[in-house]
Amino acid sequence: MRNPDAQATTGLSIAEPRFRVHVPTRRNARLQKVMAAVDADAALYALWVAQNVNAVTRLGMSDHGPVHMHLVANLALHLLRLLMKRGVQPSAVTDHGLEPDDAEVIVTLAALLHDVGMSIHRSNHEEYSLIIADRKLPALLEPAYPDPARRALVQAEILHAIISHRKGGRPLTLEAGVVRVADALDMAKGRSRIPFERGEVNIHSVSAMAIEDVQIEEGQDKPIRVHIWLRNSAGIFQVDSLLKEKLKGSGLEPYVEVLAETVGQEEPLVRTFRF
Ligand SMILES: [Fe+2]
Ligand SMILES: [Fe+2]
């Protein structure tokens, strides 16, 4: 039954034109093949639409559809490339003898499939994502990984990264940590506006609205700097509680520095608050 308070709709459907998910594949031929398979998969797109209907229309949550997939995949790839640039080795390379290109495939597909279980239900969606991903991955990987053994290794690493994004999840690989942190970084301006616009005034919705922009840069002391601009200090909650929580235990703590600053004059987001 639809939540009677949920007014928001996703504005997306399985009809054309689709929102195209795109990542910079650079010279990674395997990632190019994987992304061509993703782009050709209309059923996968339908699942992204379905997961967003559950999130936005039925639960009044923020966007969890194709745009979230696109942003998390790009953030994850960017984080991984910054780490590799500074000499940090992906776990697929150190533990399985795979190549950096394979690690890029792992974080990208894990990002694209991490919330697909929300097409079934939000609760325990991370586990449902595994069921769907396990079914989808062989076909998505096959063009790039004709060798079944190599394909199985890559698939196992993707599934590990997917399940590790759950609350209290414990990534055992660099790639899984990257996906967990990338998921938390999809918080720039307007990305979490749906609950706020529905009138849900609480520290979550207000602090989410206070984030103006998020940029991932090369750090000074550490390979990655997460630079966050706030238009109101309420955004500190997002940074200090939510982001810190996701970073903690991700395995990426030694590599990421976070800098948050307030820009310009503070705008009041809430004039009155009663209960
Ligand atoms: Fe999720
Ligand atoms: Fe997510």
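The values are calculated or read from the model by the stated rules, or taken from the named source; none is laboratory data. Keep in mind it's a predicted model, so treat the numbers as computed, not measured. Using ideal geometry, Cβ is built from the backbone for each residue, glycine included, and neighbour counts are taken over all protein chains shown. All accessible areas refer to the heavy atoms of the entire protein, side chains included, with ligands and DNA or RNA removed. Shrake-Rupley method; radii C 1.70, N 1.55, O 1.52, S 1.80 Å.
Brief remarks follow.
- Whether the range 1-95 is rounded, prolate or oblate, judged on the alpha carbon gyration tensor where a/c under 1.5 counts as rounded: prolate
- As a fraction of the 1.4 Å probe accessible area of the range 84-127, surface on carbon and sulfur atoms comes out at 41 percent.
- With DNA, RNA and ligands ignored, accessible area of Glu253 (1.4 Å probe; Å², nearest 10): 70 Å²
- GNM remark for the chain: springs join alpha carbons under 10 Å apart, and the peak mean-square fluctuation among Ser123, Ser192, Ser91 falls on Ser123.
- Largest GNM mean-square fluctuation among Val206, Val178, Val258, using the chain with Cα springs under 10 Å: Val258.
- Counting only protein heavy atoms and a 1.4 Å probe, the range 22-110 has 36 square angstrom of accessible area per residue.
- Build a GNM of the chain with springs between Cα atoms under 10 Å apart, and of Val256, Val154, Val201 the one that fluctuates most is Val201.
- Close amide H contacts of Glu212 (hydrogens built in the peptide plane, cut-off under 5 Å, sequence separation of 5 or more or a different chain): Trp229, Leu230, Arg231.
- Accessible surface ranking that places the most exposed of Asp63, Asp147, Asp221, Asp102 first, with a 1.4 angstrom probe: Asp221, Asp147, Asp63, Asp102
- Annotation: per residue accessible area for the range 187-275 equals 57 Å², rounded to a whole number [probe 1.4 Å, protein chains only].
- Among Ala210, Leu247, Val258 - extreme Cα towards positive end, dipole of the range 187-275, charges at beta-carbon: Ala210
- Span from the the range 93-139 Cα centroid across to the the range 14-36 one, whole angstrom: 16 Å
- Computed [θ] at 222 nm, deg cm²/dmol, the chain (DSSP H ≥ 4; -39,500 (n - 2.57); rounded to nearest 500): -14000 deg cm²/dmol
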